[in-house]
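Colleague: Next up is a structure, given as structure tokens.
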Amino acid sequence: MKEFKAESKRLLELMINSIYTNKEIFLRELISNASDSLDKRKFLSLTNDKATTDFEIIISLDKTARTLTIRDSGIGMDEKDLEENLSTIAKSGTLAFKKKLQEDNKKDGKSDENNSGLIGQFGVGFYSAFMVAKKIEVISKKFGTKETFLWTSHGVDGYEIAPVATSSKINSMLLDKSGGIAIVLTLHEDDDDFRYSQFLNEDTIEELIKKYSDYIRYPIRFEQELAVEVEIIKEDIGTDDSADTKSKTSASKKGAKTPKTSKTRELKTLNSMIPIWKKPKSKVKDEELNSFYMSEFGDLNPPLKHIFASLEGTVSYSTLLFIPSRFSDEFMRGEKISYGLKLYSEGVLVMEKCSDVLPEYLSFVKGLVDSSDLPLNISREILQHTKHLKLISRSLEKKILDEFKKTLENNREQYEKIFNEFGTALKFGTYEHFGIRKDNLKDLLLFNSSNSDNLTSLKEYIERAGVSQEYIYYAVGENAEKIKKSVHCAAVLERGYEVLFLHDKIDEFVMKVLMEYGEKKFLPVTSPDAVELSNDEKDELMKEEDTAKELLTFVKTHLKGKVFDVRLSTKILDHATSLTSEGEITIEMEKVLGAVPAPNPMMKAPKAKKILLINPNHSVFSKMQQALKDDHSTLKNYADLLLSLAMLGVGLPVDGTELSELVQKTI
Ligand code: ADP
């Protein structure tokens, strides 16, 4: 007996003890695996006649032995595959699951309930069978190899892999002796919480297949009983548990049956086999699409939205796209993920993840495209260069954005959910390639603003602003509360203008790329143009600047290298000081760029040209004027102190010890 790796064990424990109510999804997961395997074999058969088979999935039940068996004539697995695919956690979704579990383990008070929620965030796959089975046997032969193997597990304790002699009767379990697998699940005994025997009922199985797997392109057939085959495993491997008299009796009753006769049994096809995307749109229920999405893309949460479309024209295709309910975990961790749509040609899967049919910013979209214009049997390299793929890509992007626009207009609530999750991706699309897509995307962007707690589009902002307002004002900061309090923003708000609150790192870059909307320029509240002074105020300031010339020059010289200029400002409310900037790089951009690791250690992140503002109406101003006359070292302290305070005010890092010393010297 081999042990599962620690993390697999943990996951298995979770599955076994899961209070997850949707235990029935195990069937969907196993059917989906079988279908994937058949897809691979079908693809192989295009170039290898020997791979041709009756592409099918057969389910059989044995009430007495409490077994449910699923067999497919797919590509199968050899010993190494069984080891890698079923005995260790290999797939990325499950790895993410493992990581999340580890994080949770660190925190205390984790309950099963939390765990069942967790299961819902990840694709569950093969292990989900442990939610219903106390024992799983996988009889498997990889197409193109000679040996059959039997993988057995009773759950967390471990698993065994044993070769099966070709002459062995176990081989008769395989639908096609050249390859495929048979999975035998021995179900748990019923208990107070769950009636596992429901999965031994033909009607239930038929219902579940209709509910979750109707679209599977291969026939899923039902076969009455398989007691003989189950008995064969026991005889062959010698694992017969003598205490388990039940199944023994059942087998001896049917002892005369041989696997050969089983071939003549009547099989009933349970699924319609019409790919869901080939069905008339009106005939497909949302529920069916959701279930299709969840099983095909390993998500237990239904999608936020689906896009179901066919196009006939220069290029013809059917597509079924889904907007997931959340970003994938790999993406959130900043890992490079492979993305793309499943590519079908006339119902045959030709590529699992084709990234060439989606621009990168839409990589969160999941789904498939089926086009008869695509050649069936081609390599990835050739595929990338087919002009049809480019046409499809352009058409799909347009379709997705059109759907988003419609949703924004007709179902604001749904759109906001989409935007809250994937808005950053849309902003990235607006910004990348110097804004080449900005005109297609600008109306899809939403922002927080001072107008209300609701998100606003730029169009809505413009409508509220009216024609006389020259700019679209924006302020950047960590969150709305902090932005509102910042002195520059407060000054613009005081003048009665609406301000967009930007708190996504990419926002300000998007503004730079957009430049204007509806003939109004975007203007940061920190810009010298943001608050206009009345003529009287201007005269007053000019006078003050004249008298303060010497002071400003002194401070500027003292702060050389730290600031670009020192100016008076009456636009910072009753604050003594603040910072603003001139030129392309703003203070907020400096912060963002400073946080990104430089591609080359010699390269310094660009800095904003900072301007220190001093409020002439503040008492510190007259104190500084006084110090200019009689105590230059005090004036230097004031200058340093003001700069530190101004930096703190705009969220730039300041050395706390230095600041403490400065304050103590100055007060
Ligand atoms: P996923 O299907 O999401 O990759 P699973 O845990 O369900 O994760 O399966 C793990 C792997 O085991 C699959 O990726 C596949 O390689 C292999 N596998 C599962 N079922 C079958 C099957 N019926 N035939 C061949 N290989 C299979």
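Table: residues versus (1) at pLDDT below 95; (2) of a type in the set (Asp, Glu); (3) surrounded by fewer than 18 Cβ atoms within 10 Å (Cβ to Cβ); (4) part of a strand (DSSP E or B).
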{"site": "SER140", "(1), (2), (3), (4)": "no, no, no, yes"}
{"site": "LYS146", "(1), (2), (3), (4)": "yes, no, yes, no"}
{"site": "PHE149", "(1), (2), (3), (4)": "no, no, no, yes"}
{"site": "SER172", "(1), (2), (3), (4)": "yes, no, no, no"}
{"site": "THR204", "(1), (2), (3), (4)": "no, no, yes, no"}
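Colleague: Still on this model: Is it true that SER578 is modelled with pLDDT of 85 or more, over 25 Å from SER633 (Cβ atoms), open to solvent by less than 40 Å² (accessible area, probe 1.4 Å) and within 51 Å of the chain's Cα centre (by Cα)? Break it down into steps so the answer makes sense when it comes.
Modeller: Working: modelled with pLDDT of 85 or more: yes; over 25 Å from SER633 (Cβ atoms): no; open to solvent by less than 40 Å² (accessible area, probe 1.4 Å): yes; within 51 Å of the chain's Cα centre (by Cα): yes.
It is false that SER578 is modelled with pLDDT of 85 or more, over 25 Å from SER633 (Cβ atoms), open to solvent by less than 40 Å² (accessible area, probe 1.4 Å) and within 51 Å of the chain's Cα centre (by Cα).
Colleague: I would also like to ask the following. Can you list residue pairs whose Cβ atoms sit under 7 Å apart, with the first residue in the stretch 31-43 being within 14 Å of ALA182 (Cα to Cα) and the second being near the ligand (Cβ under 7 Å from one of its atoms) and among the aliphatic types (A, V, I, L, M)? Count only pairs 6 or more apart in sequence or on different chains.
Modeller: Between residues of the stretch 31-43 that are within 14 Å of ALA182 (Cα to Cα) and residues that are near the ligand (Cβ under 7 Å from one of its atoms) and among the aliphatic types (A, V, I, L, M), the close pairs are SER37/ILE75.
Colleague: For the subset of the stretch 151-162 comprising residues that are among the small types (Gly, Ala, Ser) and not in a strand (DSSP E or B), which member is surrounded by the fewest Cβ atoms within 10 Å (Cβ to Cβ)? Walk me through how you get there before you give the answer.
Modeller: Applying the first criterion (among the small types (Gly, Ala, Ser)) to the stretch 151-162 yields 153, 155, 158, 162.
Next, only the ones that are not in a strand (DSSP E or B) stay: 155, 158.
Details: GLY155: 17, GLY158: 15.
Ranking the candidates gives GLY158 first.
Colleague: I've got another one for you. Any residue that is open to solvent by 50 Å² or more (accessible area, probe 1.4 Å) and either at pLDDT 95 or above or assigned to a helix (DSSP H, G or I) (or both) - is there at least one of those in the stretch 592-607?
Modeller: Yes, some residue in the stretch 592-607 is open to solvent by 50 Å² or more (accessible area, probe 1.4 Å) and either at pLDDT 95 or above or assigned to a helix (DSSP H, G or I) (or both).
Colleague: So which residues in the stretch 440-491 are under 26 Å from GLY429 (Cβ atoms), assigned to a loop (DSSP other than H, G, I, E, B) and among the polar types (S, T, N, Q), if there are any at all?
Modeller: Passing the criteria: ASN451, ASN454, ASN479.
Colleague: Would you check if LYS417 is more than 21 Å from ILE462 (Cα to Cα) and open to solvent by 10 Å² or more (accessible area, probe 1.4 Å)?
Modeller: Yes: the conditions hold for LYS417.
Colleague: Could you tell me whether THR547 is within 21 Å of SER619 (Cβ to Cβ) and within 45 Å of the chain's Cα centre (by Cα)? Working first, answer last.
Modeller: Values: within 21 Å of SER619 (Cβ to Cβ): yes; within 45 Å of the chain's Cα centre (by Cα): no.
No; evaluated as a whole, the condition is false for this residue.
Colleague: Restricting to the stretch 621-667, what's the tally of residues that are surrounded by 14 or more Cβ atoms within 10 Å (Cβ to Cβ), within 52 Å of the chain's Cα centre (by Cα) and in contact (Cβ under 8 Å) with a residue 12 or more places away in the chain?
Modeller: 17
Colleague: Right, next: Looking at LEU523, LEU551, which is the one that is in contact with a Phe, Trp or Tyr (Cβ under 6 Å, 6 or more places away or on another chain), touching a residue at least 12 places away in the same chain (Cβ under 8 Å) and buried (at least 17 other Cβ atoms within 10 Å of the Cβ)? Break it down stepwise before answering.
Modeller: On the way: LEU551 fails: in contact with a Phe, Trp or Tyr (Cβ under 6 Å, 6 or more places away or on another chain).
Criteria check complete, one pass: LEU523.
Colleague: What is the residue count in the stretch 244-297 for residues that are surrounded by fewer than 12 Cβ atoms within 10 Å (Cβ to Cβ), in a loop (DSSP other than H, G, I, E, B) and modelled with pLDDT of 80 or more?
Modeller: 2
Colleague: Another one. If a residue has to be free of Cβ contacts under 8 Å to residues at least 40 places away in the same chain and in contact with a Ser or Thr (Cβ under 9 Å, 6 or more places away or on another chain) to count, how many in the stretch 390-426 make the cut?
Modeller: Looking only at that region, the number is 1.
Colleague: Another question, then. Checking LEU82 against (1) under 28 Å from the mean Cα position of the chain (by Cα); (2) outside any loop (DSSP other than H, G, I, E, B), which single condition isn't satisfied?
Modeller: (1)
Colleague: A further question follows. Among the listed residues ALA639, ALA646, ALA627, ALA605, which satisfies the condition of being touching a Gly at 6+ places or on another chain (Cβ under 8 Å) and small (Gly, Ala, Ser)? Let's see the steps before the verdict.
Modeller: Details: ALA639 fails: touching a Gly at 6+ places or on another chain (Cβ under 8 Å); ALA646 fails: touching a Gly at 6+ places or on another chain (Cβ under 8 Å); ALA627 fails: touching a Gly at 6+ places or on another chain (Cβ under 8 Å).
Of ALA639, ALA646, ALA627, ALA605, the one residue that is touching a Gly at 6+ places or on another chain (Cβ under 8 Å) and small (Gly, Ala, Ser) is ALA605.
Colleague: Would you pick out the residues in the stretch 438-462 that are open to solvent by 40 Å² or more (accessible area, probe 1.4 Å) and in contact (Cβ under 8 Å) with a residue 60 or more places away in the chain?
Modeller: Result: LYS438, LYS442.
Colleague: Consider the stretch 608-618. How many of its residues are polar (S, T, N, Q) and either within 25 Å of GLU481 (Cα to Cα) or free of Cβ contacts under 8 Å to residues at least 24 places away in the same chain (or both)? Before the answer, list the steps.
Modeller: Let us first name the residues in the stretch 608-618 that are polar (S, T, N, Q), namely 615, 617.
In the following step, the residues that additionally are either within 25 Å of GLU481 (Cα to Cα) or free of Cβ contacts under 8 Å to residues at least 24 places away in the same chain (or both) were identified as 615.
Counting residues in the stretch 608-618 that are polar (S, T, N, Q) and either within 25 Å of GLU481 (Cα to Cα) or free of Cβ contacts under 8 Å to residues at least 24 places away in the same chain (or both) gives 1.
Colleague: I'd like to know if the stretch 393-415 contains one or more residues that are at pLDDT 95 or above and β-branched (Val, Ile, Thr).
Modeller: Looking for residues that are at pLDDT 95 or above and β-branched (Val, Ile, Thr), one finds at least one in the stretch 393-415, hence yes.
Colleague: Consider LYS40 carefully, then state whether it is modelled with pLDDT under 95 and within 10 Å of the ligand (Cβ to nearest atom).
Modeller: Working: modelled with pLDDT under 95: yes; within 10 Å of the ligand (Cβ to nearest atom): yes.
So LYS40 fits the description; yes.
Colleague: Filter the stretch 75-99 down to the residues that are away from the ligand (no atom under 11 Å from the Cβ) and over 21 Å from GLY158 (Cα atoms), then identify the one that is modelled with the lowest pLDDT.
Modeller: Filtering the stretch 75-99 for residues that are away from the ligand (no atom under 11 Å from the Cβ) and over 21 Å from GLY158 (Cα atoms), the one modelled with the lowest pLDDT comes out as ALA96.
Colleague: What residue, among those in the stretch 43-74 that are basic (Lys, Arg) and in contact with a helix residue (DSSP H, G or I) (Cβ under 8 Å, 6 or more places away or on another chain), is farthest from the ligand (Cβ to nearest atom)? Steps first, please.
Modeller: Residues of the stretch 43-74 basic (Lys, Arg): 50, 63, 66, 71.
Checking which are in contact with a helix residue (DSSP H, G or I) (Cβ under 8 Å, 6 or more places away or on another chain) leaves us with 63, 66, 71.
Details: LYS63: 24, ARG66: 21, ARG71: 9 Å.
Filtering the stretch 43-74 for residues that are basic (Lys, Arg) and in contact with a helix residue (DSSP H, G or I) (Cβ under 8 Å, 6 or more places away or on another chain), the one farthest from the ligand (Cβ to nearest atom) comes out as LYS63.
Colleague: Output the residue which, of all residues in the stretch 298-336 that are modelled with pLDDT under 90 and of a type in the set (A, V, I, L, M), is nearest to the ligand (Cβ to nearest atom).
Modeller: Filtering the stretch 298-336 for residues that are modelled with pLDDT under 90 and of a type in the set (A, V, I, L, M), the one nearest to the ligand (Cβ to nearest atom) comes out as LEU300.
Colleague: Being at pLDDT below 80 and in a loop (DSSP other than H, G, I, E, B) is the filter; apply it to the stretch 341-372 and report the residue that is surrounded by the fewest Cβ atoms within 10 Å (Cβ to Cβ).
Modeller: Across the stretch 341-372, the extreme among qualifying residues is GLU346.
The values are calculated or read from the model by the stated rules, or taken from the named source; none is laboratory data. Because the structure is a prediction, the values reported are computed rather than measured. All Cβ positions, even for glycine, are placed from backbone atoms using ideal geometry, and neighbour counts span all protein chains on display. Ligands, DNA and RNA are stripped out before the accessible areas are found, and what is left, the full protein with its side chains, is counted by its heavy atoms. Shrake-Rupley method; radii C 1.70, N 1.55, O 1.52, S 1.80 Å.
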